[in-house]
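Novice: Structure provided below as structure tokens; questions to follow.
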Amino acid sequence: MKNLAKIYVNGKLIGFHEKPLELREKFINMRRQGKIANGISISYDDFTNEIYVNTEGGRLLRPVIVVKRGRSLLTNELKEKVLKGEISWEELVKKGVIEYLDTEEEENALIALDEKELTNKHTHLEIDGLGLLGLMAGMIPFVEHNQPYRSAQGAKMFKQGLGIPGTNHCLRTDTESYLLWYPQKTIVKTKITDALKIDERPFMQNFVVAIIPYYGYNALDALVISRGAVQRGLGRASYFRTYSVGEYHYPGGQRDKFEIPDESVEGYLGEELYSKLGEDGLAEPETKVEEGEAMIGRTSPPKFIEEITEFGVIKEKRIDNSVTVPKGKSGFVDKVFITEGPNGERLVKVRIRSDKIPEIGDKFSSRHGQKGVVGLVVPDEDMPFNEQGIRPDLIINPHAIPSRMTLGHVLEMLVGLLGTEKGEIIDGSAFQENSYEKFGEMIEKIGYRKDGKQVFYDGITGEKFEGLVFQGIISYRRLYHIVSNKLQYRAKGPVQLLTRQPTEGKAKEGGLRLGEMEVEAFIGHGASLLLYEKMVEDSDKVRLYFCEKCGLVAIKDRIRGKIYCEACKSNKVVPISTNYSFKLLLQVLLSMGIYPKVKVGEVV
Amino acid sequence: MEAKIKEIINNLSKQFNLRKPDREKLKKIVLEDYRKRFVHYGEAVGQVSAQSMGEPGTQMTLRTKHRAGAKEFSIGSGIQRAKEIVDARKTIKYPSMVIHLKGELARDERKARKFANNLLEIRVRDIANIKENFEEKKVEIVFSKDAIKERWLRIEEVIDKVAEKIKGRVRKNFDKGTIRIHYNDKFSLLKIRKEVNRIKNTKLQGIKNIEGVLVVKEGNEYVIKTRGTNLKAILKLEDIDETKTISNDMFEIYAAFGIEAARNAIIKELSRVYGEEVTVDIRHVLLLADTMTFTGEIKGIARTGINKLKHSPLARAAFEETIKHLMEAAFLNEEERIRGVVANIIVGQPIKIGTGRIKLMMKG
């Protein structure tokens with residue numbers, strides 16, 4: 001038993017075998033002959049002497065060319081047939097020329113990257129070096145020149161890039177979506193972008209990028225962007241937000257109604273705020289709606305049915321239930337959709353569009369994980385320029401390159417420049433031979449230096465820079481982290497019902513919390529009156545009256561203009577300004593059965 | 001203090017031939033600088049101390065340093081040790097002593113080493129394996145020769161010593177290093193097991209809790225460093241220099257020398273722990289040590305320690321076990337004077353610290 005190899009199928013022990021390697025060999029041969037499905041894999045672990053057969057779905061499989069005795073089974077003869085289209089992929093798989101490996105079986109395989117390096121030890125040959133990469137990493141040109149983690153970061157950011165969200169984006173009613181105005185084909189493509197047909201629905205733009213510091217405004221991964229370029233439409237996007245609301249039905253046959261509320265409606269906002277509504281109570285397309293203005297006018301039936309008086313039915317007082325534009329979400333009414341809801345009620349969706357022009361605080365990134373936030377928008381004439389008078393759209397800091405080792409970024413800039421000069425789109429797929437020398441020589445032929453560095457002039461003084469500047473063309477994408485959607489501030493605003501303290505969070509227009517450690521810092525600095533202001537004045541300050549006799553909170557009856565203690569009916573009270581949460585504490589203590597007797601007096 | 005500073009400056013100016021205006025200028029600068037370092041009225045010294053020691057604490061490594069191969073025992077370092085001290089934990093992770101020796105012992109390494117080895121606590125269970133045979137009522141003690149050799153003992157002596165304390169028929173075997181015991185019928189099985197446990201715990205030599213000893217040259221004398229501490233027992237020994245011998249367990253120091261010594265031990269140990277990696281002003285350490293010891297016994301900065309001492313029920317409730325403290329305060333009819341920081345924040349009044357401590361009044 002000891003020498004027998006254990007055999008697991010999908011993790012379950014099903015038996016033992018004397019010669020595991022022979023079993024594996026036989027199994028693989030049968031699979032290549034088509035007797036076993038090509039999705040089933042077998043692998044042998046010689047350390048534990050176990051064989052694993054996996055058939056389950058969800059495993060990652062990738063195709064490789066089978067190698068026998070150091071020779072690729074995809075012979076020249078077959079290659080020609082493939083080129084002519086005489087043989088299909090499926091047939092190659094069926095013939096056993098191409099095989100799918102999963103992660104475990106890959107451990108047993110020795111895969112050559114190139115046909116030239118094949119030896120007798122190799123079991124497989126890579127169809128192309130790109131096969132190592134996933135779809136996202138495969139879209140990055142010259143990935144093999146990058147530090148792997150940077151490429152992974154770059155791949156992660158593909159999903160954050162703005163572009164065209166769908167072919168039906170004109171009719172979509174997503175709560176939030178973005179649309180990039182002038183997406184461009186990338187000048188440096190890869191085989192994967194071709195396969196994915198990225199050029200037909202692009203999401204990037206080709207920026208002229210220079211790598212120089214700009215008066216500290218691009219330090220620490222900040223970007224300096226040209227106002228001229230922005231005004232010409234660089235990185236410009238639209239932001240759509242859809243508000244959807246229905247004419248809901250209530251028990252008792254009452255229902256909401258889309259209309260322009262009149263003055264008699266409870267919670268009437270004022271004539272001005274309803275001015276953008278059309279006759280049907282909905283905002284007209286292409287009108288501009290500002291913060292607080294109604295875009296859907298809607299009234300709801302009253303919460304309580306009014307009593308019927310002797311003179312007949314009083315006209316029911318309806319409640320305003322209009323949808324207004326939230327803080328910071330003003331824009332143009334893009335489209336108004338009227339449909340039917342699940343219960344047969346009228347459903348209205350209003351889509352607001354606003355332009356998101358790149359500004360300080362917006363995020364951009366290249367495909368190599370080189371992301372940055374705009375630190376300054378510079379007038380076009382202040383941008384540095386080269387001998388041809390070309391000014392960069394974007395300036396990144398030289399410090400962004402060495403420690404991150406994203407040479408793919410640098411190479412893409414150079415090749416982008418080459419492509420623009422030649423007027424063609426260049427293949428930048430991974431694992432090309434001698435890319436530096438190849439592209440360097442090509443750019444030299446056009447008249448640039450081999451390393452792509454250029455003479456530059458200061459845009460402000462007009463003086464020539466002492467050193468040379470590297471400028472190239474590289475595709476950048478705008479990421480959906482846009483400041484104007486994140487900006488939040490509060491001077492006064494909503495408070496919580498229970499504690500009367502300011503609300504928390506952007507959605508509720510909340511304040512920023514003065515946390516425990518901040519309080520401790522105030523105390524440490526002796527800034528006790530500042531602390532008092534933040535904890536009481538700016539928060540839940542309240543004027544309370546305490547009974548002199550029993551020390552409980554007294555009641556202020558505004559209607560009768562009397563202040564008295566409910567517990568002992570005395571009207572000898574002392575006013576104290578404190579915070580509302582203290583009143584809550586006293587009440588909590590009372591509910592615990594503890595009598596907190598407040599004595600008021602000067603304690604020195 | 002200011003007079004002393006002036007005196008020093010006067011002496012210095014004589015030494016460097018400073019003229020009078022320069023001397024006065026220097027005095028002014030130095031005194032100004034000196035006065036800046038005063039603690040001002042209303043300053044929250046406790047809070048500043050806590051922050052000044054807590055913030056560097058976050059920078060200190062969580063890793064305990066073990067210098068491999070170095071001739072010393074770990075005495076604990078970093079944030080764990082600092083926490084042990086501040087919490088006034090009774091059992092510490094790396095108890096240790098530095099024993100200074102008197103006279104000839106301090107100069108002669110061999111004698112010191114011999115003395116040190118005698119301190120090491122050795123029990124039978126450390127060096128022997130005991131096999132019980134309940135059917136025949138036989139017990140066999142098998143001594144490990146290696147373990148005995150490691151501890152600089154002689155196997156014959158050990159066997160004789162153990163055999164003395166055994167009730168029952170004993171057969172010694174020096175070559176094999178075993179003792180065989182045969183119990184008669186008077187011994188029940190339970191009693192045999194009890195006997196075996198008694199033998200296992202039999203002390204052969206040494207002082208309780210001393211698990212390891214090392215002789216190290218410090219300056220020009222030999223000192224003994226130990227793993228495990230028992231200050232009281234060590235101090236009773238004759239050849240010890242009781243003026244220098246020290247433990248890192250502050251509770252042992254407290255028991256042996258009293259609260260002032262414990263306070264000094266806290267200061268010394270905290271300064272050492274912090275001094276290894278960061279700089280903390282000694283005044284913060286002093287304040288902490290005073291807070292921990294001013295009651296006459298060591299109180300940790302914890303709910304069982306100084307939190308119990310606070311007069312203000314709200315301040316106590318704000319720390320831990322809120323409901324328990326509120327209920328207790330109500331039960332004892334306690335009064336909250338609203339003087340502390342926490343109490344004033346709770347009731348929404350300015351705290352009596354810094355700017356809140358002073359008031360301006362109009363004249364007239």
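Novice: Label-point separation (nm) for A:Glu115 and A:Leu590, each offset 7 Å from Cα along Cα-to-Cβ?
Specialist: 9.1 nm
Novice: Starting at the first residue of the range A:453-465, write each ³J(HN,Hα) from the Karplus equation 6.51 cos²θ - 1.76 cosθ + 1.60 with θ = phi - 60°, in whole Hz, x for Gly and Pro.
Specialist: 6, 10, 7, 10, 10, 5, x, 8, 8, x, 7, 6, 5
Novice: Skipping prolines and chain starts, which residues have an amide H placed within reach, meaning under 5 Å, of the one on A:Ala554, given they are 5 or more residues away or on another chain?
Specialist: A:Tyr545, A:Phe546, A:Cys547
Novice: Mind checking the per residue accessible area of the range A:178-282 for me, 1.4 Å probe, whole number of Å²?
Specialist: Value for the range A:178-282: 51 Å² per residue.
Novice: Distances over 17 Å make up what percent of all Cα-Cα pairs in the range B:180-273?
Specialist: Here the long-distance tail beyond 17 Å is 65 percent of all Cα pairs in the range B:180-273.
Novice: Of B:Lys111/B:Lys149; B:Lys102/B:Lys217; A:Lys19/A:Lys116; B:Lys83/B:Lys324, which sit over 23 Å apart, Cα to Cα?
Specialist: In this structure, A:Lys19/A:Lys116; B:Lys83/B:Lys324 lie more than 23 Å apart at Cα.
Novice: Okay, next question. Past 25 Å, Cα to Cα, is the threshold; run B:Lys131/B:Lys186; B:Lys137/B:Lys200; B:Lys145/B:Lys172; A:Lys534/A:Lys597; A:Lys189/A:Lys363; A:Lys492/A:Lys572 against it and keep the listed order.
Specialist: Over 25 Å apart, Cα to Cα: A:Lys534/A:Lys597; A:Lys492/A:Lys572.
Novice: Continuing with the same structure: Have a look at the range A:528-543 and report residues whose accessible surface goes down by 20 Å² or more when the remaining protein chains are included, against the chain on its own, probe 1.4 Å, ligands and DNA/RNA excluded.
Specialist: Buried on complex formation: A:Ser528, A:Leu529, A:Leu531, A:Tyr532, A:Met535.
Novice: Another question, then. Which pairs in the list A:Lys599/B:Lys352; B:Lys299/B:Lys352; B:Lys161/B:Lys191; A:Lys81/A:Lys191; A:Lys6/A:Lys79 are over 29 Å apart, alpha-carbon to alpha-carbon?
Specialist: The pairs that break the limit, which is 29 Å between Cα atoms, are A:Lys6/A:Lys79.
Novice: Using DSSP to define loop residues, name the GluC sites (Glu not before Pro) in the range A:206-278 whose beta-carbon has at most 13 other beta-carbon atoms within 10 Å.
Specialist: Hits after loop and neighbour filter: A:Glu263.
Novice: Among the lysines, which have Cα under 19 Å from the Cα of B:Lys4 when same-chain residues fewer than 8 positions away are ignored?
Specialist: Within the straight-line limit of under 19 Å, B:Lys4 reaches these lysines: B:Lys14, B:Lys20, B:Lys25, B:Lys27, B:Lys28, B:Lys36.
Novice: What's the FRET efficiency of A:Arg500 with A:Cys170 using the Cβ-Cβ distance as r and R₀ = 41 Å, to the nearest 0.05?
Specialist: That gives a FRET efficiency of 0.30.
Novice: Further question: Using the basic label-point model (7 angstrom from Cα toward the beta carbon), what is the B:Asn11 to B:Ala163 distance in nanometres?
Specialist: The two pseudo-label positions are separated by 7.3 nm.
Novice: Determine the residues within the range B:349-364 where the difference in accessible area between the chain on its own and the full set of protein chains amounts to at least 20 Å²; count protein heavy atoms only and use a 1.4 Å probe.
Specialist: For the range B:349-364, once contacts with the other chains are taken into account, B:Gln349, B:Pro350, B:Ile351, B:Ile353, B:Thr355 lose 20 Å² or more.
Novice: Quick one: buried accessible area between B and A, total over both chains, 1.4 angstrom probe, nearest 100 Å²?
Specialist: 1900 Å²
Novice: Using only the Cα atoms of the protein assembly as shown, build the gyration tensor, take square roots of its eigenvalues as a ≥ b ≥ c, and label the shape rounded, prolate or oblate: rounded if a/c is under 1.5, else prolate if a/b is larger than b/c, else oblate.
Specialist: In terms of gyration-tensor shape, oblate.
Novice: Right, here's the next one. Using r as the Cβ-Cβ distance of A:Glu463 and A:Gln388, and R0 as 25 Å, what FRET efficiency do you calculate, to the nearest 0.05?
Specialist: Efficiency for this residue pair is about 0.90.
Novice: Which residues make up the longest stretch of chain A clear of chymotrypsin sites (Phe, Trp or Tyr not before Pro) that lie in a DSSP loop with no more than 13 other Cβ atoms within 10 Å, not counting the sites?
Specialist: So the longest stretch without any such site is A:312-488.
Novice: Which whole-Hz couplings ³J(HN,Hα) result when phi for each residue of the range A:201-208 is put into the Karplus expression 6.51 cos²θ - 1.76 cosθ + 1.60, θ = phi - 60°, listed in order with x for Gly and Pro?
Specialist: Running phi through 6.51 cos²θ - 1.76 cosθ + 1.60 with θ = phi - 60° gives 9, x, 9, 10, 10, 8, 9, 7 Hz.
Novice: Stretched out fully, how many nm does the piece from A:Lys79 to A:Glu263 gain, at 0.36 nm a residue minus the Cα gap?
Specialist: Answer, rounded to one decimal: 58.2 nm.
Novice: What's the average, rounded to a whole number, of partner chain beta-carbon atoms within 10 Å of each residue's beta-carbon in B:39-51?
Specialist: So the per-residue partner count for this stretch is 3.
Novice: Suppose every Lys and Arg Cβ carries +1 and every Asp and Glu Cβ carries -1, with no other charges. What dipole size does the range B:122-205 come out with about its Cα centre, to the nearest 20 debye?
Specialist: Dipole of the range B:122-205, to the nearest 20 debye: 300 debye.
Novice: Size of the dipole of chain B about the Cα centre, Lys and Arg at +1 and Asp and Glu at -1 on the beta carbon, nothing else charged, in debye to 20?
Specialist: Here the size comes out at about 240 debye.
Novice: So if we plug the beta-carbon distance of B:Asp241 and B:Leu286 into 1/(1 + (r/R0)^6) with R0 = 22 Å, what FRET efficiency do we get, rounded to 0.05?
Specialist: Computed FRET efficiency for B:Asp241 and B:Leu286 comes out at 0.20.
Novice: Would you work out the relative contact order for chain B, in percent, from Cα pairs under 8 angstrom that are 6 or more residues apart?
Specialist: Value for chain B: 19 percent.
Novice: Right, here's the next one. Once you place label points 7 Å from the Cα toward the Cβ at A:Phe337 and A:Lys35, how far apart are they in nm?
Specialist: Distance between the two pseudo-spin positions: 5.7 nm.
Novice: Distance between the C-alpha centers of the range B:253-310 and the range A:233-266? Whole Å please.
Specialist: Comparing the Cα centres of the range B:253-310 and the range A:233-266, I get a distance of 66 Å.
Novice: On to the next question. How much of the accessible area of the protein assembly as shown, probe 1.4 Å, is carbon plus sulfur, in whole percent?
Specialist: 53 percent
Novice: Rounded to the nearest whole Å², what accessible area per residue is found for the range A:90-134 with the 1.4 Å probe?
Specialist: Accessible area per residue, the range A:90-134: 56 Å².
Novice: Local charge sum around A:Arg391 (other residues, Cβ-Cβ under 10 Å, Lys/Arg +1, Asp/Glu -1)?
Specialist: Around A:Arg391, the surrounding residues sum to -4.
Novice: Just to confirm the filter: which trypsin sites (Lys or Arg not before Pro) across the range A:111-161 are DSSP coil and have at most 10 other Cβ within 10 angstrom of their Cβ?
Specialist: Answer in residue order: A:Lys121.
Novice: Might you report the magnitude of the Cβ-based charge dipole of chain A about its Cα centre, with Lys and Arg at +1 and Asp and Glu at -1, to the nearest 20 debye?
Specialist: Result for chain A is approximately 1320 debye, rounded to the nearest 20.
Novice: Express in nm, to one decimal, how much length is gained between B:Lys308 and B:Gln59 on full extension, taking 0.36 nm for each residue of separation and deducting their alpha carbon distance.
Specialist: Stretched out fully, the B:Lys308 to B:Gln59 stretch lengthens by 86.6 nm.
Novice: Provide the per residue accessible area, probe 1.4 Å, for the range B:1-129, rounded to a whole number of square angstrom.
Specialist: In whole numbers, the range B:1-129 has 66 Å² accessible per residue.
Novice: What lysines could a cross-link reach from A:Lys35, if we take a straight Cα to Cα line under 19 Å and drop same-chain neighbours fewer than 8 places away?
Specialist: A:Lys26, A:Lys94, A:Lys95
Novice: Still on this structure, I have one more. Putting +1 on Lys and Arg Cβ atoms and -1 on Asp and Glu Cβ atoms, find which of B:Phe187, A:Met204, A:Gly447 reaches farthest to the positive end of the dipole of the protein assembly as shown.
Specialist: Value: B:Phe187.
Novice: Same structure, new question: I'd like the distance between the alpha-carbon centres of the range A:152-182 and the range A:379-442, rounded to an integer number of Å.
Specialist: Using only Cα atoms to place each centre, the spacing works out to 26 Å.
The values are calculated or read from the model by the stated rules, or taken from the named source; none is laboratory data. Computed from a predicted model, the values in this text were never measured in an experiment. Because the Cβ atoms are built from the backbone with ideal geometry, glycine has one as well, and the counts that use them run over all protein chains shown. Just the protein is used for accessible areas: all its heavy atoms, side chains included, with ligands, DNA and RNA removed. Shrake-Rupley method; radii C 1.70, N 1.55, O 1.52, S 1.80 Å.
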